[in-house]
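Before any comments, here is the structure.
No lab work stands behind these numbers, since they all come straight from the coordinates. Computed from a predicted model, the values in this text were never measured in an experiment. Because the Cβ atoms are built from the backbone with ideal geometry, glycine has one as well, and the counts that use them run over all protein chains shown.
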Protein chains: 2
Amino acid sequence: MSKQMTEMLKGTLEGIVLATVALRPAYGYEITARLREEGFSDIVEGTVYALLIRIEKRGLVDVEKVPSEKGPPRKVYSLNALGIEYLEEFWGTWKFLTERIERLHQEIDNQQKQGD
Amino acid sequence: MSKQMTEMLKGTLEGIVLATVALRPAYGYEITARLREEGFSDIVEGTVYALLIRIEKRGLVDVEKVPSEKGPPRKVYSLNALGIEYLEEFWGTWKFLTERIERLHQEIDNQQKQGD
DNA sequence: ATCTACTACTCTGCATTACTGAGTACCACT
DNA sequence: AGTGGTACTCAGTAATGCAGAGTAGTAGAT
């Protein structure tokens, strides 16, 4: 993982995982695997599990233990009402940030065009 | 500042400041003020100054001391070749992240529409 | 002259978060 | 017994932003 990406994930990985769970309930190992498929190739399991415990403690998700055919029981997480609310807030914060960064990017772009 | 925004700024504030300086050279107090005007109303000075010292140490910016009419001399930062390269990398990482988050957002949106 | 206010930069300690790297446990197959 | 894949846990570390205080320079008010 590039250092840049690691730092950028701080504050966004939580939203990404909440959104993943919002799409459909999932357990840690599955979430980690899905993130890796999505291109976050170097996400470590420990990071995801720690995050899941965090959001569980904050009461954003409900947890259900489900036996697995191939290993220890799975902790299946699903977004509850508080989690949905929190995810909405995340989209808002994210939108605010992307708009400002996008604006900066375009200002630089325009400047470069004028410099030709 | 919301806790969400604080965490989200980790890893992105650096790019925001680099982009701000790329637009035109600037000094710390000015950058802080500009960020506040842009909507990052609760950015603290200490954060920006610490970040500037960091990117200076990494050799991403050049610094020039310029006397001020109204206070201590200003440290004017401008992006150098290495900084420009680094900023390009930032845009790449940022694009990767926004694409994936945007995709997640739309998948949830589509799901909600189907759920009607 | 000194007090206040604004400009401008610095510094220490803290909270949060992701990574590293190791460990535990359960099951299937050889 | 040993290997490999599934599934979760945990201690220690690095990086970053915030809180809050401090230092300094200039100008105008008291």
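Give the residue, chosen from A:GLN111, A:GLN106, that is at the interface with chain B (Cβ under 9 Å from one of its Cβ atoms), outside any loop (DSSP other than H, G, I, E, B), more than 18 Å from B:MET5 (Cβ to Cβ) and free of Cβ contacts under 8 Å to residues at least 12 places away in the same chain.
Working: A:GLN106 fails: at the interface with chain B (Cβ under 9 Å from one of its Cβ atoms).
So the residue among A:GLN111, A:GLN106 that is at the interface with chain B (Cβ under 9 Å from one of its Cβ atoms), outside any loop (DSSP other than H, G, I, E, B), more than 18 Å from B:MET5 (Cβ to Cβ) and free of Cβ contacts under 8 Å to residues at least 12 places away in the same chain is A:GLN111.
Looking at B:VAL61, B:VAL17, B:VAL66, which one is within 11 Å of another protein chain (Cβ to nearest Cβ) and at negative phi? Within the list B:VAL61, B:VAL17, B:VAL66, the selection yields B:VAL17. Take the conditions (1) surrounded by fewer than 20 Cβ atoms within 10 Å (Cβ to Cβ); (2) out of contact with any Leu (no Cβ under 6 Å at 6 or more places or on another chain); (3) within 25 Å of B:THR98 (Cα to Cα); A:LEU82 misses just one of them, which is (2).
Screening B:VAL63, B:VAL44, B:VAL48 for residues that are surrounded by 13 or more Cβ atoms within 10 Å (Cβ to Cβ) and farther than 22 Å from A:GLU102 by Cβ leaves exactly one candidate, B:VAL63.
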